[in-house]
Every structure is written in structure tokens, then in C-alpha cells.
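Down below is the structure, laid out as C-alpha cells.
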Amino acid sequence: METIRKAHDSFNGAIGASTFGRIFRLEGSGHEQEIKNTKFTTEVRAGLTTFFTMAYIIAVNASILSDTGGDCVCKDPTGQDPTCAKNQDYANCVQELHRSLITATAVVAGFSSFLFGFLTNMPVCLAPGMGLNAYFAYQVVGFHGKGIISYNLALTAVFVEGFIFIFLSLIGMRQWLVKIIPVSLKIASACGIGLFLAEIGLSHSAGIGAITGGQSTPLDIAGCAPQYQDATGYCQSHKMTSPTMWIGIFCGGIFTSYLMTYKIKSAMIAGIALVSIISWPRGTSFTYFPYDDAGNDRWNFFKKVANFHPIDHGLNALDWHVSDDASHFVLALFTFLYVDIIDCTATLYSMARFSGVVDPETGDFPRSTLAYCTDAFCISIGALLGCSPVTAFIESGAGIAEGGKTGLTAMTCGVCFLISMFFAPIFASLPPWSTGCTLVLVGCLMMRQIVNVNWRYIGDAVPAFVTVMFIPFGYSAAYGLIAGLMTYTALNGLIWITKFVTRGYIVPDDEDHREYWTIKPHGKLPWFVTAGHSLTSRFGRDSDGKQDGGSMKSSESRKHFRDESKGSDQELETVVVVPRDEKVLRKF
């Protein structure tokens, strides 16, 4: 064992000291921004972990998008079957569409993750986003194309969205939006995403099936076998008796946690692999291939082991006849825009914070502009392959928790997705209960940041709590952050109005504990803000060419804040305290 360990360390040392190691700033590379405790084998292991936790997207995304019918044409001359639910020719086309989307999803996820990791050196993987694909399929296109616009026109909206994102990233808008979000809300969004991950891990579609929607309550205990579920998935009886749920809990959750307790490397991969292998044999009560239509279909696909299906449907299927349904096209485009920009921006920042690369002084992470542009470019590439919007995956936290800190993690995951194109039957057959508890464990690790929320001041605590609560309950990182921002604006806006009206006499007793916040965050501002400052300063100079007092005070204030915040572990945590007896209206 000692020989193996030495060989392992020697291999990592050689890789780290090479040009390859210097490019990715591995430990021992000698780079001035070398990332501590990074090793090549650790990054590869982390990438494998992320891939296994994300592999479900291959099957799930294809299943959701195929419900739209894609570019299949529904022909029902009798008018008795408008959705072609009983049309065999249409069903065969949809089945071929499903196979094509499996390949397309693997290609998009592999290409996007590899490119993102290579260009940004961040351990974040990209793939067609859950939630966004459901909105695309069921709200925009509709079941078998009965929505507001066609599948082809919806892909055009996604394609255009990507280029709008690139423009917003280049001018600095997306980076600026992240910086002006209050610190506690940014921390809360990461914690909320952790709870969101745990909720996904406990659900039926991508987890162990311990919870489901209730009839008289929003959520209810589940964990029953399929024969005891109604059409909505609600357990009518035999709750918490499902063998698959308990296998996921003990062989996936408890076993993985036990290995993590002893710092065993690849603990998450081991748990996922153990549950999957146990669930593959047929004839058991917990098999992933039961003897029914769905199970037989999975089994027939699984038996192929190695199989490549070309993208026959959805490839370059964009429809540019926007004028035929311009209003609905614009509605879909802007909905994709505001949901995706908040969702992806919040997720990227949360993953950057989780991996420890956020600069406490600027509130930004390295290569942020390139990261946002790459994400936007991949959205358009995904549309060309027939997929819904691509976004940063919160499952990347699994690889980060496994020790991933560089782009090699994302690149490894991307290579695995590209390989999975040829082994789609294997990777599409990982049962959801094999990865469910892994997502719960990652959620647990992400929740550790909750102690950094400013709970001392109600104006920061309540919006943060709303964000943490609404992300999992609203099943959306975007809408959770929107809810937190609205709460923050309403609450702190009323406090500011009260102070302004009373000339600073009525203020909260504990306001000295509030976090500093400004619409002009420190660090590099986007060009459209600095251009406005430059224009204003030209008109605000005196006859000697010197800046007026207000500008000097603003400059001194920003300099003072930067000096005070250096060395802090939290961004923008400096609080400016003014004695109450001076009755000075404090700057909000």
C-alpha cells in the first residue's frame, strides 16, 4: 500500500509540475495563483462523482422533451384524437425522438461541461436544466405540441436567448446583478439550493421517492410501491414500505455517509454504484426493470449496453417564421430570459462560493464574464441540437464536495457524458433511488453556510429566510431569489422611508447590526455604469477642473469601505455605525 501511495503522490506531483498542471493551477505548478490542495486524481474523481449524480438527466430530459412530440407531425383526419395519443405512427415517431434526445442531451451536457471547465477553470458542469425543460415542454410547447407555440419556434426562442445572454454578459450586466444582491441573500440562495437538492433527492422522479404531493397538504409522506399510487403519484396506502426507497436510504445514504465519516475517497461514487448494481437484476421487488411495459422497454434498451443512436429528430429544427406568432414567441423568449438569467446566475455564484473562489473584496469570482458568456453560448448550441435551455447544474456541488476545485472536474464530467453517447443504455439505467441520497448529502454540505447569514438584523434575516424557504417549496432557484429580493426591497424600503420622514429620529434599535449595502458595489463596475459616472463627473467639475466635494466624499467613502473589508471572510460585512444622539440621517 505504501508503494501505491508513493506512486500516486509521485504521479500527481509530476502532473502538477507540468505545463498541464500550470494551465489549471494545480498544487505544485508554481503558478502565482496556484490553487492549494488540488491534485489531478482528485479532480478526476470529483468529475466522476458529478457525472454519476447528473447522469439521470440523460433519461429524464429526453423523457420530458419527447412529451412535446418534437418535430413529429400529428395527423388525425377523424378529429377524435387531437393529441394523437392512440396514433401508432405518431407513437413510433415520438419513440425515435426520445432516442435522439438521449443522444442530444449527452452531447450538449458533454460539450458544455468540457468547454466551461476548460475556459473558466471552475468545477461547474452544464446541462439542459430541470425545471426549464418542464416549462419548455408543458407550458410553451405543450403535450404533443398543443401549447402556445410549436417545438421548432420554441427552439428558435432558446437560440436567440443565448445571444442576448452573451450581450448582457459582455456589457457586465449579469456580473453587476450578482454584486448588488445583498450578501445574506446570496448566502441564502446557496443554502436554498442545498434544500432544493435535498427535495429533489427525496422526490420520486429523481430520488428515493420518500415524499410526494399530498391531497390536502402541499407535501406528504410517500415511499409506497407503484401499485399503491394513484395517477398523480400519491400513495393511497402502504406508505414508507417501498423496497427501493429503503435500499436507497441504507445502501446509498447511510453507506455513503459512513464512508464520508472516515474520509474515504469516492464515497459518493461507491454508494451510487452499489445501489445501481443491486437494482439491475430482474425478478426482485426492487428491480429497475420490472415485468411491465415500462420495465421491458428499459430492459431492452439496457441489454444493448453499447449503442449509438444518431440525432434524427430535433437537429437544426429551428423555425424562423417568427412573424406567424410574434406575440407568443416574445412571451416565451422573455420568460426564458428572466427565469434563466436569475437561475443560472444564482447557481453559478453559489457553486463558486461553495468551491471557495469568490473574492471577498470584489464579490466576484475569477473569469466571471467568460463563464457567463460560455453558459450563454452553450444555450444556443443546445437549441441547435433540439434541447431546452442549458444551465449550470446544482449537482456540481457533489463534485465540489468530493474535492473538485478546478475545471478538470467539469472536463472529466464532460468526457463522461460524451462517452455515454455510446453507452447510453448503461447510464440511462441508473435508477433514481441510486442518486437520491447523494443529492441529500450534497444539500447537507451546502447548508453549512447558513451560519453566515446575518440573523442579528430582521431586515436581513427575514428576506434570507424567505429565499431559503421559497427555493425548495417553489421548486425554482430563480423564483426563490426573486421572492427574497422583493421581501428585502419592501421591508428595507419601508424602514428607509420611515427614517427619511422622521429625519432619522425613528430607526430600528438593532440597525447598527445590519449589513452594508449599496447600489454601487465596489469592484469593477459595468461599462454602462462607469460611462454614466464619467459623463456626470464632466458636468460636475468646477472651473479649476477639480471634482466637487460630493464626488470626493463618495470616493473617500468607497476607499474607506475597501480598506475596512480587506481580510474579511464575508463580502460586504462592514457596518457603518453612527452615534444615535447625533440624529444624523444615515445613508441607506
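Looking across region 241-273 at every residue that is open to solvent by 60 Å² or more (accessible area, probe 1.4 Å) and at pLDDT 90 or above, the one that is nearest to ARG5 (Cα to Cα) is identified as THR261.
In region 310-325, the residues that are within 14 Å of ILE149 (Cα to Cα) and among the aromatic types (Phe, Trp, Tyr) form no Cβ pair under 7 Å with any partner that is modelled with pLDDT of 85 or more and open to solvent by 40 Å² or more (accessible area, probe 1.4 Å), whether six or more places apart or across chains. Scanning region 274-283 for residues that are surrounded by 21 or more Cβ atoms within 10 Å (Cβ to Cβ) and either touching a strand residue (DSSP E or B) at 6+ places or on another chain (Cβ under 7 Å) or not aliphatic (A, V, I, L, M) (or both) turns up SER276, SER279. Any chance region 361-382 includes a residue that's assigned to a loop (DSSP other than H, G, I, E, B), touching a residue at least 12 places away in the same chain (Cβ under 8 Å), of a type in the set (Asp, Glu) and more than 29 Å from LEU97 (Cβ to Cβ)? Yes, region 361-382 has at least one match. Restricting attention to region 44-58, does a residue exist that is open to solvent by less than 40 Å² (accessible area, probe 1.4 Å), touching a residue at least 12 places away in the same chain (Cβ under 8 Å), assigned to a helix (DSSP H, G or I) and in the same structural domain as ARG5 (by the TED database)? Checking region 44-58: not a single residue is open to solvent by less than 40 Å² (accessible area, probe 1.4 Å), touching a residue at least 12 places away in the same chain (Cβ under 8 Å), assigned to a helix (DSSP H, G or I) and in the same structural domain as ARG5 (by the TED database). Taking the criterion of being within 19 Å of SER388 (Cβ to Cβ) and open to solvent by less than 70 Å² (accessible area, probe 1.4 Å), the residues of region 310-327 that qualify are ILE311, HIS313, GLY314, ALA317, LEU318, ASP319, VAL322, ASP325.
Within region 28-42, can one find any residue that is within 23 Å of the chain's Cα centre (by Cα), farther than 30 Å from LEU318 by Cβ, in contact (Cβ under 8 Å) with a residue 12 or more places away in the chain and surrounded by 14 or more Cβ atoms within 10 Å (Cβ to Cβ)? Scanning region 28-42 turns up at least one residue that is within 23 Å of the chain's Cα centre (by Cα), farther than 30 Å from LEU318 by Cβ, in contact (Cβ under 8 Å) with a residue 12 or more places away in the chain and surrounded by 14 or more Cβ atoms within 10 Å (Cβ to Cβ).
Does ASN92 qualify as being open to solvent by 10 Å² or more (accessible area, probe 1.4 Å) and within 25 Å of PHE423 (Cβ to Cβ)? Yes. Against the conditions (1) under 27 Å from LEU197 (Cα atoms); (2) at pLDDT 80 or above, LEU318 satisfies every one except (1). Taking the criterion of being surrounded by 16 or more Cβ atoms within 10 Å (Cβ to Cβ) and β-branched (Val, Ile, Thr), would at least one residue in region 297-306 satisfy it? No - not one qualifying residue is present in region 297-306. How about region 170-222: which of its residues are in contact with a strand residue (DSSP E or B) (Cβ under 8 Å, 6 or more places away or on another chain), charged (D, E, K, R) and either at pLDDT below 85 or outside any helix (DSSP H, G or I) (or both)? ASP220, the sole residue that qualifies.
How about region 9-27: which of its residues are over 30 Å from the mean Cα position of the chain (by Cα) and open to solvent by 60 Å² or more (accessible area, probe 1.4 Å)?
Hits for region 9-27 are ASP9, SER10, PHE11, ALA14, ALA17, THR19.
Considering only residues that are part of a loop (DSSP other than H, G, I, E, B) and either among the hydrophobic types (A, V, I, L, M, F, W, C) or open to solvent by 30 Å² or more (accessible area, probe 1.4 Å) (or both), look in region 113-141 and name the one that is farthest from THR406 (Cα to Cα). Here the answer is GLY131. Within region 480-507, restricting attention to residues that are closer than 14 Å to PRO182 by Cβ and of a type in the set (Gly, Ala, Ser), the residue that is most open to solvent (accessible area, probe 1.4 Å) is ALA490. Any residue at all in region 72-82 that is open to solvent by 10 Å² or more (accessible area, probe 1.4 Å) and at pLDDT 85 or above? Within region 72-82, one or more residues are open to solvent by 10 Å² or more (accessible area, probe 1.4 Å) and at pLDDT 85 or above. Screening region 389-427 for residues that are in contact with a Gly (Cβ under 9 Å, 6 or more places away or on another chain), closer than 15 Å to ALA106 by Cβ and not in a helix (DSSP H, G or I) and picking the one that is most open to solvent (accessible area, probe 1.4 Å) gives MET421.
Checked across region 79-100, the condition of being in contact (Cβ under 8 Å) with a residue 12 or more places away in the chain, within 20 Å of PHE427 (Cβ to Cβ) and among the hydrophobic types (A, V, I, L, M, F, W, C) holds for at least one residue.
Scoring LEU202 on the criteria (1) open to solvent by 20 Å² or more (accessible area, probe 1.4 Å); (2) over 21 Å from the mean Cα position of the chain (by Cα) leaves a single failure, condition (2).
The values are calculated or read from the model by the stated rules, or taken from the named source; none is laboratory data. Everything numeric here is computed off the predicted structure, so don't read it as measured data. Neighbour counts are summed over all protein chains in view; Cβ atoms, including those assigned to glycine, are modelled from backbone coordinates with ideal geometry. Each accessible area value is taken on the protein alone, full model and side chains, heavy atoms only, with ligands, DNA and RNA left out. Shrake-Rupley method; radii C 1.70, N 1.55, O 1.52, S 1.80 Å.
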